[in-house]
């Protein structure tokens, strides 16, 4: 179904070898490819951009730890991990700023991805090759660089902007969050001009590349996060009312957005490609060309007895789904897709099946039967186990998210009446009562309050909730009513992660985030 991308490593050009007590000789390492020699052909340009993609499947990028930093640090998720340091990170208890999984790993893997993008953006223009392909590859690299920076700025705020293949020892200048957002916009506008509207997806090596629609979607998302509502609407226009509107839509079955059998579908604006093909030893430390490209999320979020259960859903999330019923007076059909709990089957724990290993009441020990687990992206629909190699793609931007963002932009700019139709489209897929019928005449604030609910039930556990709460100014201890973890939340501090101390130690230009 999906081909495995090749991975390249660009090593330094020379090795220094001592040959006597007082003499040294510099010779070329015959096992390393010189950078200048590498960036000379079309095939190597393709490989270089592929290297920027493959960074996405690293644990600190989109394969594992990002879900702890985003999903679990919102009121949708929590951690009861036996690894207390990991559990505390989601509870806003962070004594170790270098905490490897959720801090150092995420920071380093994202910046390594940026480094690979920078190599492509810097070197591909020098290659004699087809001009259109050259333009497209640079556009792909700029999209990916913008995506890596989007995650970094959401999590850390004032992160260093690096736009060239820098040396490890470089002391990068301090930059502000505003400057990072501006660079993201520059990269995405360049990507929009360079990327095609679609690819020939019958070719495995084209599946998963960002399109013009992907770039418009991420640009709209970035502008909305800055509350630049008019500009965000203009970016999203292309997808909703412009040329891209005919290319995207909502799939009839909501669950198809979270299965490996229905990937890259009509609703996908951009998604990260994963595979369960294991061609070599599972390793995180080294970037071997045959390393697994599996998604680790399912293993870490599966219930005990199947996975590690390091991340879980909150009970509040279930209650949010139960606030409204469908037009025919039934439960929101998105609930059992989103949450595994004692009533995923409405008849209760004696009927809710857990990975074909027994009913919920049989499989889950009594002291944990009030607890919940995320159901999206789990593999129980086709197998009875989890491991580190889930093949399910992560949908970074879905068209449902685009429609809800578009509605938020319209409402924020005083066009509330025009915004209803886009919320309705999302609700109708799940057979919910039409918003225009159920709650007509909402004012701007009431519509926003309703939209907050819509985004929870449609997009829960899809790495958007923390950014949403941050944009709305809703992060704070008051969320402890939804998630007890927020009793530890300090306003003016925990909206951002602490910059890893290791980075501060090696670069005096960096400044720690406030109150850390």
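Among the residues that make up the stretch 350-362, is at least one of them assigned by TED's automatic domain parsing to the domain that holds residue 457, under 20 Å from residue 261 (Cα atoms) and at pLDDT below 95? Give the steps one after another, and end with the answer.
Let us first name the residues in the stretch 350-362 that are assigned by TED's automatic domain parsing to the domain that holds residue 457, namely 350-362.
Within this subset, residues satisfying the condition of being under 20 Å from residue 261 (Cα atoms) are 355-356.
When the remaining residues are screened for being at pLDDT below 95, the result is none.
No, the stretch 350-362 contains no residue that is assigned by TED's automatic domain parsing to the domain that holds residue 457, under 20 Å from residue 261 (Cα atoms) and at pLDDT below 95.
Among the residues of the stretch 381-396, just one is farther than 18 Å from residue 271 by Cβ and crowded, with 21+ Cβ neighbours inside 10 Å, namely 386.
A quick yes/no check of all residues on (1) buried (at least 21 other Cβ atoms within 10 Å of the Cβ); (2) in contact with a helix residue (DSSP H, G or I) (Cβ under 9 Å, 6 or more places away or on another chain); (3) within 27 Å of residue 218 (Cα to Cα); (4) free of Cβ contacts under 8 Å to residues at least 60 places away in the same chain:
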{"position": "369", "(1), (2), (3), (4)": "no, yes, no, yes"}
{"position": "379", "(1), (2), (3), (4)": "yes, yes, no, no"}
{"position": "398", "(1), (2), (3), (4)": "yes, yes, yes, no"}
{"position": "408", "(1), (2), (3), (4)": "yes, yes, yes, no"}
{"position": "435", "(1), (2), (3), (4)": "yes, yes, yes, yes"}
{"position": "453", "(1), (2), (3), (4)": "no, yes, yes, no"}
{"position": "463", "(1), (2), (3), (4)": "no, yes, yes, no"}
{"position": "471", "(1), (2), (3), (4)": "no, yes, yes, no"}
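For the stretch 164-178, indicate whether the set of residues that are out of contact with any strand residue (DSSP E or B) (no Cβ under 9 Å at 6 or more places or on another chain) and not in a loop (DSSP other than H, G, I, E, B) is non-empty. Yes: one or more hits.
Yes/no matrix, rows are residues, columns are (1) free of Cβ contacts under 8 Å to residues at least 24 places away in the same chain; (2) touching a helix residue (DSSP H, G or I) at 6+ places or on another chain (Cβ under 6 Å):
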{"site": "139", "(1), (2)": "no, yes"}
{"site": "160", "(1), (2)": "no, no"}
{"site": "168", "(1), (2)": "yes, no"}
{"site": "173", "(1), (2)": "no, no"}
{"site": "182", "(1), (2)": "yes, no"}
{"site": "193", "(1), (2)": "no, no"}
{"site": "215", "(1), (2)": "no, yes"}
{"site": "233", "(1), (2)": "no, yes"}
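Taking the residues in the stretch 463-477 that are part of a helix (DSSP H, G or I) and under 18 Å from residue 229 (Cα atoms) as candidates, determine which candidate is farthest from the chain's Cα centre (by Cα). The residue in question is 472.
Considering only the stretch 410-421, state which residues are touching a residue at least 40 places away in the same chain (Cβ under 8 Å) and buried (at least 24 other Cβ atoms within 10 Å of the Cβ). Explain how you work it out, then say what you get.
Let us first name the residues in the stretch 410-421 that are touching a residue at least 40 places away in the same chain (Cβ under 8 Å), namely 410-413.
Hit for the stretch 410-421 is 411, nothing else.
Please determine whether any residue of the stretch 72-86 is touching a residue at least 24 places away in the same chain (Cβ under 8 Å), surrounded by fewer than 20 Cβ atoms within 10 Å (Cβ to Cβ) and touching a strand residue (DSSP E or B) at 6+ places or on another chain (Cβ under 9 Å). Full working, then the answer.
The initial filter retains those residues of the stretch 72-86 that are touching a residue at least 24 places away in the same chain (Cβ under 8 Å), namely 72-81, 83, 86.
Those still in the list that are surrounded by fewer than 20 Cβ atoms within 10 Å (Cβ to Cβ) too: 80, 83.
From the residues that got through so far, the ones that are touching a strand residue (DSSP E or B) at 6+ places or on another chain (Cβ under 9 Å) too are 80.
Taking every residue of the stretch 72-86 in turn, at least one turns out to be touching a residue at least 24 places away in the same chain (Cβ under 8 Å), surrounded by fewer than 20 Cβ atoms within 10 Å (Cβ to Cβ) and touching a strand residue (DSSP E or B) at 6+ places or on another chain (Cβ under 9 Å).
Go over the candidates 475, 479 one by one and state the one that is crowded, with 18+ Cβ neighbours inside 10 Å, over 23 Å from residue 160 (Cα atoms) and free of Cβ contacts under 8 Å to residues at least 40 places away in the same chain.
Details: 479 fails: free of Cβ contacts under 8 Å to residues at least 40 places away in the same chain.
The unique qualifying residue is 475.
For the residues 239, 223, 188, the requirement of being under 17 Å from residue 399 (Cβ atoms) and part of a helix (DSSP H, G or I) singles out 239. Residues in the stretch 500-516 that are buried (at least 16 other Cβ atoms within 10 Å of the Cβ) and in a loop (DSSP other than H, G, I, E, B): 500, 507, 510, 513.
In the stretch 278-299, the residue that is modelled with the lowest pLDDT out of those that are buried (at least 16 other Cβ atoms within 10 Å of the Cβ) and in a loop (DSSP other than H, G, I, E, B) is 284.
The values are calculated or read from the model by the stated rules, or taken from the named source; none is laboratory data. It should be emphasised that the depicted structure is a prediction, and the values quoted were computed from it without experimental measurement. As a convention, Cβ positions derive from the backbone with ideal geometry for all residues, glycine included, and neighbour counts pool all protein chains shown.
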